[in-house]
C-alpha cells in the first residue's frame, strides 16, 4: 500500500507529515476521518485544553468569555439564549454548542432546574 502522507524530516511520534492531496479524508463506509488526516489534524491543532464546568447562577445567568472557545448548553431547562458582542443576537436554539470570542457574553434564561454549561477553550 502506498503511503498517504508526505514524510516530513525530523518529525517525532506518529505524525508523518502532510497527507497527499489524493488521500481520502473520510472512510467511505463509516465517514470517519482517515488515519493520515486524523494524525495531521491532531498535530496542527495541538493538545486541546481541558473543558470546564460553568457555575450557573440564578436565571438569567451570564458568562463572559475570557478566551476563544465554545459553550455547550445541555439539559432541557434553558428557555432563551443570547450572545452579546457589539450587538445582542438570539441564535434560536437553546441547547448545543455556541462559539465565543474573548469578551462575548452568553446569557441563558431558564425556569425550574438549571441547564448544564460547559466551556471548551479553543
*Taking into account only those residues within the range 42-68 that are without any contact (Cβ under 8 Å) to a residue 24 or more places away in the chain and more than 14 Å from the chain's Cα centre (by Cα), which is farthest from residue 84 (Cα to Cα)?*
44
*Test residue 102 against the criterion of being touching a residue at least 24 places away in the same chain (Cβ under 8 Å) and at negative phi, and give yes or no.*
yes
*Single match in 51, 34 (criterion: over 24 Å from residue 99 (Cα atoms) and touching a strand residue (DSSP E or B) at 6+ places or on another chain (Cβ under 7 Å))*: 34
*Taking residue 43, is it buried (at least 16 other Cβ atoms within 10 Å of the Cβ), part of a helix (DSSP H, G or I) and touching a strand residue (DSSP E or B) at 6+ places or on another chain (Cβ under 6 Å)?*
no
*Among the numbered criteria (1) surrounded by 14 or more Cβ atoms within 10 Å (Cβ to Cβ); (2) without any contact (Cβ under 8 Å) to a residue 60 or more places away in the chain; (3) more than 18 Å from the chain's Cα centre (by Cα), which single criterion is violated by residue 71?*
(3)
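Each reported figure results from applying straightforward, stated rules to the coordinates on display, with no laboratory input. Because the structure is predicted, anything quoted here is derived from the model rather than measured. For neighbour counting, all protein chains shown are included, and Cβ atoms are generated from backbone atoms with ideal geometry for every residue, glycine included.
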